[in-house]
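See below for the structure under consideration.
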Protein chains: 2
Amino acid sequence: MLRSLAVTTSSPSAVGPTPGLAFRTAVAADLPRVVALIADDAIARSRTGEVGPAHEAAFAAIDADPHNELVVVELDGEVVGTMQLTVIPGISRNGASRLLVEAVRVDRRLRGQGVGRAMMTWAHAWGVARGCTLAQLTSDKQRVDAHRFYRSLGYEQSHEGFKLPLPPR
Amino acid sequence: MLRSLAVTTSSPSAVGPTPGLAFRTAVAADLPRVVALIADDAIARSRTGEVGPAHEAAFAAIDADPHNELVVVELDGEVVGTMQLTVIPGISRNGASRLLVEAVRVDRRLRGQGVGRAMMTWAHAWGVARGCTLAQLTSDKQRVDAHRFYRSLGYEQSHEGFKLPLPPR
């Protein structure tokens, strides 16, 4: 049974360290839990929640890439959140490196308790430490609660996001 | 004086190799032209078009990163387009690697002549060759012509794009 968090989410200033949350790089043993968190979502495409060879290969590729980090968040030793962070050097915006945040998921039992806010704050610090001067992310147009959340963090909802499936190699 | 291209852009099937266009990885000597192409844009934030140390550091970082490629497109030996391609391995969507396309620019004298379409086709093939099964990009909400263009390539305009400036390290 997960305890509740006594974290207020009512104001953007409530972004300090969240008591009890611990952040770390994911290891291979986290993969089933990460895949389950990603699958436990109304919009995610893959809902089986089972780990397959494609997940294992992807984890190995992320783990080997110094510009990529799969992060897990623990509460009382249980993984309750995950996100993927990528540093992208670029020429635009005076040579800005971008922090790309993907696949943010919080255990549904803990939603609305500040875990996501603590995760984004941690992500931004991770990016700043690596020289990123811009954070960016996209969110499915159906996720209006998420849009409000990102705007509350100061994000500008300035872009349209496009996706195209590519054929197999 | 740049010659015109006899490429039709009226149908999505007009995505074959564009006569006269040559694609290659950017080298350091391309940086002034790339920065000028990025600056020659109504929306881009940096409009000076001058190369500074931040651009040079960014180029070095891209050049050293096997998951990142700064591409230039030549017509008759002159650089007329640029884009940045990034491969991002990920756990979501059954371990899909994503192709992120950023900073697409075409010389304004050649816009509407199929150069952008040829560039995107090349980008997708580049991503497929690296195992990417999803292409994604964002476009400023003001760029409605660009949105129509990406939809014409088959992209789904499914996401909201968010950006947040980060403080200096």
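With respect to the conditions (1) assigned to a helix (DSSP H, G or I); (2) touching a residue at least 40 places away in the same chain (Cβ under 8 Å); (3) at the interface with chain B (Cβ under 7 Å from one of its Cβ atoms), residue A:103 falls short on a single one, namely (1).
Of all residues in segment B:22-33, at least one satisfies being part of a loop (DSSP other than H, G, I, E, B) and either of a type in the set (A, V, I, L, M) or modelled with pLDDT under 95 (or both). Anything in segment B:61-96 that is more than 7 Å from chain A (Cβ to nearest Cβ), closer than 25 Å to residue A:131 by Cα, part of a strand (DSSP E or B) and not aliphatic (A, V, I, L, M)? List them, or say none. Residues satisfying the conditions are B:69, B:82. Screening residue A:144 with (1) facing chain B (nearest Cβ under 7 Å); (2) more than 13 Å from the chain's Cα centre (by Cα) gives one miss only, at (1).
For segment B:121-169, filtered to residues that are touching a residue at least 60 places away in the same chain (Cβ under 8 Å) and assigned to a helix (DSSP H, G or I), the residue that is surrounded by the most Cβ atoms within 10 Å (Cβ to Cβ) is B:122.
Just one of the listed residues (B:103, B:123) is among the small types (Gly, Ala, Ser), within 21 Å of residue A:90 (Cα to Cα) and touching a helix residue (DSSP H, G or I) at 6+ places or on another chain (Cβ under 7 Å), namely B:103. All conditions but one from (1) buried (at least 16 other Cβ atoms within 10 Å of the Cβ); (2) modelled with pLDDT of 95 or more apply to residue B:64; the one that does not is (1).
Of the residues making up segment A:40-55, those that are modelled with pLDDT of 90 or more and closer than 11 Å to residue B:93 by Cα are A:54, A:55. Residue under question is residue B:93, and the condition is that it be of a type outside the set (Val, Ile, Thr), surrounded by fewer than 22 Cβ atoms within 10 Å (Cβ to Cβ) and over 28 Å from residue B:55 (Cβ atoms); does it hold? Against the criterion (of a type outside the set (Val, Ile, Thr), surrounded by fewer than 22 Cβ atoms within 10 Å (Cβ to Cβ) and over 28 Å from residue B:55 (Cβ atoms)), residue B:93 qualifies. For segment B:106-118, the set of residues classified as assigned to a helix (DSSP H, G or I), away from chain A (no Cβ under 14 Å) and either within 21 Å of residue B:158 (Cα to Cα) or not charged (D, E, K, R) (or both) consists of B:110, B:115, B:118, listed by residue number. Using the structure shown, decide if residue A:109 is over 14 Å from the mean Cα position of the chain (by Cα) and of a type outside the set (Gly, Ala, Ser). Against the criterion (over 14 Å from the mean Cα position of the chain (by Cα) and of a type outside the set (Gly, Ala, Ser)), residue A:109 qualifies. Report yes if residue B:169 is out of contact with any Cys (no Cβ under 6 Å at 6 or more places or on another chain) and more than 7 Å from chain A (Cβ to nearest Cβ), otherwise no. It is false that residue B:169 is out of contact with any Cys (no Cβ under 6 Å at 6 or more places or on another chain) and more than 7 Å from chain A (Cβ to nearest Cβ).
The values are calculated or read from the model by the stated rules, or taken from the named source; none is laboratory data. In this text the structure is predicted, and so the values were computed from the model without any measurement. Cβ sites come from the backbone with ideal geometry, for glycine too, and all protein chains shown count toward neighbours.
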